[in-house]
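The values are calculated or read from the model by the stated rules, or taken from the named source; none is laboratory data. Being a predicted model, the structure only gives us computed values, none of them experimental. Here the Cβ positions follow ideal geometry from the backbone for every residue, glycine too, while neighbour counts run over all protein chains shown. Note: areas computed on protein heavy atoms with side chains; ligands, DNA, RNA excluded. Shrake-Rupley method; radii C 1.70, N 1.55, O 1.52, S 1.80 Å.
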Amino acid sequence: MTSAVAIALLLAVLVFATLKPRRLPEAVVAVPAAALTVALGVVSPRAAVDELGALGPTVGFLAAVLVLAHAADRSGVFRWAGGLAARDSRGSPRRLLAVVFVIASVTTAALSLDATVVLLTPIVLVTAQDLRVRPRPHVYACTHLANSASLLLPVSNLTNLLAFAASGLTFARFTSLMTLPWLVAIGVEYAIFRTFFRRDLSAATTVAAPVAADAREDIVPVPRFALVVLALTLAGFAALEPFGIAPAWVALAGALVLGVRDVVTAPQGERVRVARRLALASNPAFCAFVFALGIVVLGVRNTGLGRFVARLAPDAPTLAGLLLLAALAAVLANLLNNLPATLLLVPLVSHSPGLVLAVLLGVNIGPNLTYVGSLATLLWREVLHARDHVPETRTFLSLGAATVPACLVATSIALWIALHTVGA
């Protein structure tokens, strides 16, 4: 009965988060579900408090980086990136795809996948339309790279932060081990995109496209101050970690610098509104959802499902073990969503940093297979719906079927090589 209750509560949370009726926040169901998990004895109050404490630094970073990304957007970073893409593509759909791959990969790695989905995707869509090229390859690249390109840094994805806390790795070691899988994932995605969207990329543009590119370059200035702050923040993650300063504090410092500048430079009558928007950018409701989800998944982990998954998980980071665990994580991400999959799997393999990283291959790349694999993918779909550019489900599924298995195999091999050259 306890197992059935735990699984039913998790399913209720996931279904609500997927459908989002009336656009209500995920926490509307997740928080009561977490309370029921404790009230019904599925999770003890002490275990729930311990789980909240363990998730605290991760959720704190999430809130800080959301504010940082919002402040960067207000400073014109993403508009400038769109102008850069338009200029460097010179009206060519293929060159635009290459530039979008670079910008989306860097944005995802440095500012997390939410920045790529929410802030970069609309810019890429408008840029493609301005250049009069078919936008489909470029907007699909945003969602794929929001997932696949989030392998590089512990701060690139909420799943990474959850795994990083359990891995025992330093920031620099995590990054060095994931650099090769990150590059391989991007390379495989790019090769498949070039083939999959060959007709869109071969379609001719109008002669007005280069003019639009030049105009955009003239209009959008380089946001030097914001770029410097972002670069220093990124460097601070690795440089300050040996001194015991958590990434959340570094992200908060960067957010405060950009945020305070944004408020101070705003017109007198707008400062309160700008400050309020910065505070709301931390998305307290989603942070509450993550806390609640952790408690609900803890209940599932103690059930028969958790024990069944534990029996499937390999014990050692052999090549076969990495491949098996990456595939298992990808399947669970598409059945349960990648956050519950991470919370379920990482504690089972925390004895091996290599296996923890293999989980990330599955939960970060796997969501490109279906819409429900990650909340970011669902959010990407909402972003396009809001701009009357409805994604095609058949295209999304076909593209996922082409990229996900190839990326999982290639990145698992790359991780195995990294573990034997860099060392865990």
Shape category assigned to region 295-418 from the gyration tensor of Cα positions, a/c cut at 1.5: oblate
Are there DSSP H segments in the chain that both extend 30 Å or more along their axis (alpha-carbon positions) and score a mean Kyte-Doolittle hydropathy of at least -0.5? List them, or say none. 45-74, 171-196, 393-421
Roughly how many Å is it from the Cα centre of region 356-423 to that of region 68-102, as a whole number? 22 Å
Selected from Ser202, Ala85, Ile7, residue furthest toward positive end of dipole (the chain; charges at beta carbon): Ser202
Dipole magnitude of the chain, debye to nearest 20 (Cβ charges: Lys/Arg +1, Asp/Glu -1, about Cα centre): 620 debye
How much of the accessible area of the chain, probe 1.4 Å, is carbon plus sulfur, in whole percent? 67 percent
With every protein chain left in place, what is the accessible area of Val264 in Å² (1.4 Å probe, nearest 10)? 90 Å²
Hey, if you put +1 on the Cβ of every Lys and Arg and -1 on every Asp and Glu Cβ in the chain, which of Ser167, Pro45, Ala279 ends up farthest toward the positive end of that dipole? Ala279
Between beta-carbons, use under 15 Å as the cut-off and find the net charge around Val349, counting Lys and Arg +1, Asp and Glu -1. +2
Net lengthening on full extension, Ile417/Trp249 (0.36 nm per residue, minus Cα-Cα): 57.2 nm
Using label points projected 7 Å from each Cα along Cα→Cβ, tell me how many nm separate Phe225 and Lys20, to one decimal. 3.2 nm
Given unit charges at Cβ for Lys, Arg (+) and Asp, Glu (-), the dipole magnitude of region 1-96 about its Cα centre in debye, nearest 20, is 700 debye
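Figure the gain on full extension for Arg198 and Ala4 (residue separation times 0.36 nm, minus the Cα-Cα span) and round it to one decimal in nm.
Full-extension gain reported as 65.1 nm.
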Ranked from the most accessible area to the least, with a 1.4 Å probe and all protein chains present, what is the order of Val67, Val390? Val390, Val67
Within the set of other residues whose C-beta is less than 13 Å from the C-beta of Leu68, count the net charge using Lys and Arg as +1 and Asp and Glu as -1. -1
So what's the gap between the Cα centers of region 138-160 and region 217-279, to the nearest angstrom? 21 Å
Rounded to the nearest Å, what's the spacing between the alpha carbon centres of region 176-191 and region 293-341? Just the number, please. 23 Å
At q = 0.15, 0.16, 0.17, 0.20 Å⁻¹, what base-10 log of I(q)/I(0) does the Debye formula yield for region 252-346 when every alpha carbon is treated as an equal point scatterer in vacuo? -0.71, -0.75, -0.79, -0.93
Ratio to report: Rg/Rh of the chain, with Cα atoms as the point set and Rh obtained by the Kirkwood method; give two decimals. 0.96
Radius of gyration and maximum dimension Dmax of region 1-102, Cα, Å: 21.3, 62
Protection proxy ranking, peptides 165-178, 366-379, 92-105, average beta carbon neighbours within 10 Å, highest first: 366-379, 92-105, 165-178
